[in-house]
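Engineer: Encoded as structure tokens, here's the structure I'll be asking about.
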Amino acid sequence: MADRKIIDKLETYSDFENTVNRLYGQDKLKYQIDRYRNLYDLHSKKYGEGGVFYSSPGRIEVCGNHTDHNNGKVLCASITVDTLACVTPCEGKVVVESIGFSPIDVSLDDLAARKEEEGSAVALVRGVLSYFKSNGLKLGGFCATTTSDVFRGAGVSSSACFEVLISEILNQMYNEGKIDKFTKVKASHFAENIYFGKPCGLLDQSAISFGGVSYIDFKSTKSPIFKSIDWNFEGIDIVLINTGGDHSDLTDQYASIRTEMEDVAKEFGCKKLRKVKEEEFYENISQLQEKLSGRAILRAMHYFDENKRVDICAKAVKKGNDKKFCDMINASGESSYVMLQNCYPCGDLVQRIPLGINLSKKSDGVRAVRVHGGGFAGTIIAYVDKAKRDSYVEKMKRVFGNENVFVIGVRNDGTRRVF
């Protein structure tokens, strides 16, 4: 637990410096000292001295665009930005005060889903608490003050980051830290699907809970296969560009991808595309087009191809084969653009994601680029030669703004208690 003495002398503690290097990368010590101190000051003024810090990272999708919700394969990673919380226990309720947002106050005796809360942070808190209660996990109250540098609307999963944070606080404070990482994934996923009202797969929560670079096969959602892989590309930097747009009004378009893939699966007597044999799918396209849209068929084609790319990407990361890795990322991006069709919303004429992708393709040093995450609005991800990163970053800042271009690193720890 942190107290005033520790907070005032953070720069003297080598353990804290090592933690900062591990969670946020090199050359971030001063920034993080200021950040932790400011958060502690805010929290202690209202709740008294003493508090426990928790950190929950954002995530990137490396490969496996819109495959998880149909029991597919993904490659993802947690990254060096986080939501940071200072927490103390309290009785009977959970209070979360996030800097810049209205406070959340949820009674432990009132955990039913509310239609009017859909799409809000309070729904996420209530949903996680409900999952814990209904699954026999221990509950208790706490007060948390949070700050976040997980950029919203940029496809790095600020909502999943928040959900898993709540799950980990409950894990550490009331369950002796014994809840496994996948149970926290399921609690967070439940909150987002049922309480928040966003149909999503398990990728976001899994990457954030497990940390590092994760290969995940969701053939069984009850028992997914997880493999951790070290990131071996020291000469490549990762750049995220928020090209613009807001995800908040795009839920129907995200949902249509899952729905259309499942519509294809139903034609073969299956609930998910993972159960459909690829060769049988291609043999029956002439019949499928009589019942389903061409877009649904193309999205299914993307799904089958993308699962194979994930396997190839994972092997390339493990072996340090940067050329094969970048080839697969570019192929994934092209497939999302042409077949999955999630690079801009229907009827959109601004098309910021296509602009960012094609400017990147014309930029020296960019090895691979693709839409990132759910798509339709927001973010692209580029893998850039380290020596040419700065010129690329400056070029993209001129187009998309200084505040929308981020150089990030892979973080090997998932959501965790800091101290």
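The values are calculated or read from the model by the stated rules, or taken from the named source; none is laboratory data. These numbers come from a predicted model, not from an experiment. Ideal geometry is used to build each Cβ from the backbone, glycine not excepted, and the neighbour counts take in all protein chains shown. Please note that ligands, DNA and RNA were not included when accessible areas were found on the heavy atoms of the full protein model with its side chains. Shrake-Rupley method; radii C 1.70, N 1.55, O 1.52, S 1.80 Å.
Engineer: Are any residues in the range 76-89 at pLDDT 95 or above and either of a type in the set (S, T, N, Q) or open to solvent by 30 Å² or more (accessible area, probe 1.4 Å) (or both), and if so, which ones?
Structural biologist: Selection gives Thr83, Thr88, Pro89.
Engineer: Quick test of your reading of the structure: Ile353 fulfils all but one of (1) surrounded by 16 or more Cβ atoms within 10 Å (Cβ to Cβ); (2) in contact (Cβ under 8 Å) with a residue 40 or more places away in the chain; (3) not in a helix (DSSP H, G or I). Name the failing condition by number.
Structural biologist: Result: Ile353 passes all but (3).
Engineer: Please indicate, with yes or no, whether at least one residue in the range 46-56 is surrounded by fewer than 16 Cβ atoms within 10 Å (Cβ to Cβ) and under 30 Å from Phe218 (Cβ atoms).
Structural biologist: No: zero hits.
Engineer: Considering only the range 134-150, how many residues are among the charged types (D, E, K, R) and more than 18 Å from Leu165 (Cβ to Cβ)?
Structural biologist: Of the residues in the range 134-150, 0 are among the charged types (D, E, K, R) and more than 18 Å from Leu165 (Cβ to Cβ).
Engineer: Yes or no: the range 104-113 includes at least one residue that is part of a loop (DSSP other than H, G, I, E, B), under 19 Å from Ser209 (Cα atoms) and either among the acidic types (Asp, Glu) or under 14 Å from the mean Cα position of the chain (by Cα) (or both).
Structural biologist: No, because not a single residue in the range 104-113 is part of a loop (DSSP other than H, G, I, E, B), under 19 Å from Ser209 (Cα atoms) and either among the acidic types (Asp, Glu) or under 14 Å from the mean Cα position of the chain (by Cα) (or both).
Engineer: For the range 24-64, enumerate the residues that are touching an Asp or Glu at 6+ places or on another chain (Cβ under 7 Å) and at pLDDT 95 or above.
Structural biologist: Scanning the range 24-64 gives Leu29, Ile33, Glu49, Gly50, Tyr54, Ser55, Ser56, Pro57, Gly64.
Engineer: Testing Ala377 on (1) open to solvent by 60 Å² or more (accessible area, probe 1.4 Å); (2) not in a strand (DSSP E or B), one condition comes back false. Which one is that?
Structural biologist: Evaluating Ala377 over (1) open to solvent by 60 Å² or more (accessible area, probe 1.4 Å); (2) not in a strand (DSSP E or B) leaves (1) as the failure.
Engineer: In addition: Could you identify the single residue in Lys323, Lys318, Lys308 that is modelled with pLDDT under 95 and either in a helix (DSSP H, G or I) or of a type in the set (Ser, Thr, Tyr) (or both)?
Structural biologist: Unique residue meeting the criteria: Lys318.
Engineer: Given the structure, is Leu39 open to solvent by less than 30 Å² (accessible area, probe 1.4 Å), outside any strand (DSSP E or B) and more than 30 Å from Lys219 (Cβ to Cβ)?
Structural biologist: Taking the combined requirement at face value, the residue satisfies it.
Engineer: Based on this model, can you work out whether Gly347 counts as part of a helix (DSSP H, G or I) and either farther than 21 Å from Leu273 by Cβ or in contact with a helix residue (DSSP H, G or I) (Cβ under 9 Å, 6 or more places away or on another chain) (or both)?
Structural biologist: no
Engineer: Let me ask something else. Of these, Ser120, Ser158, which one is crowded, with 19+ Cβ neighbours inside 10 Å and touching a residue at least 24 places away in the same chain (Cβ under 8 Å)?
Structural biologist: Ser158
Condition check ((1) more than 30 Å from Arg417 (Cα to Cα); (2) modelled with pLDDT of 85 or more; (3) of a type in the set (A, V, I, L, M)) across all residues:
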| residue | (1), (2), (3) |
| --- | --- |
| Lys184 | no, yes, no |
| Phe196 | no, yes, no |
| Ser214 | no, yes, no |
| Asp230 | no, no, no |
| Asp252 | yes, yes, no |
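Engineer: Determine, yes or no, whether Thr221 is farther than 30 Å from Ser391 by Cα and in a loop (DSSP other than H, G, I, E, B).
Structural biologist: Judged against the criteria, Thr221 is a match.
Engineer: Which residues, counting only those in the range 380-398, are open to solvent by 50 Å² or more (accessible area, probe 1.4 Å) and acidic (Asp, Glu)?
Structural biologist: Correct list: Asp390, Glu394.
Engineer: Would you be able to tell me the number of residues in the range 91-117 that are open to solvent by 30 Å² or more (accessible area, probe 1.4 Å), in contact (Cβ under 8 Å) with a residue 40 or more places away in the chain and touching a strand residue (DSSP E or B) at 6+ places or on another chain (Cβ under 8 Å)?
Structural biologist: Going through the range 91-117 one residue at a time, the tally reaches 5.
Engineer: Let me ask something else. Of everything in the range 172-188, what is surrounded by fewer than 24 Cβ atoms within 10 Å (Cβ to Cβ) and of a type outside the set (Asp, Glu)? Give them in sequence order.
Structural biologist: Listed by number, the residues that qualify are Gln172, Met173, Tyr174, Asn175, Gly177, Lys178, Ile179, Lys181, Phe182, Thr183, Lys186.
Engineer: While we're on this one: Could you grab the pairs with beta carbons closer than 6 Å, sequence gap of 6+ or different chains, first residue in the range 1-15 and under 15 Å from Asp34 (Cβ atoms) and without any contact (Cβ under 8 Å) to a residue 60 or more places away in the chain, second one open to solvent by less than 70 Å² (accessible area, probe 1.4 Å) and assigned to a helix (DSSP H, G or I)?
Structural biologist: Short answer, once both residue conditions are applied: Ile7/Arg37; Ile7/Tyr40; Leu10/Phe16; Leu10/Ile33; Glu11/Ile33.
Engineer: Still on this structure: Among the residues of the range 273-299, which ones are in a loop (DSSP other than H, G, I, E, B) and either open to solvent by less than 90 Å² (accessible area, probe 1.4 Å) or without any contact (Cβ under 8 Å) to a residue 24 or more places away in the chain (or both)?
Structural biologist: Val276, Lys277, Asn284, Gln289, Glu290, Leu292, Ser293
Engineer: Would you be able to say whether some residue in the range 228-235 is closer than 21 Å to Cys200 by Cα and open to solvent by less than 50 Å² (accessible area, probe 1.4 Å)?
Structural biologist: no
Engineer: Filter the range 1-36 down to the residues that are open to solvent by 10 Å² or more (accessible area, probe 1.4 Å), within 18 Å of Ser148 (Cα to Cα) and of a type in the set (Ser, Thr, Tyr) and list them by number.
Structural biologist: Within the range 1-36, Thr19, Tyr31 qualify.
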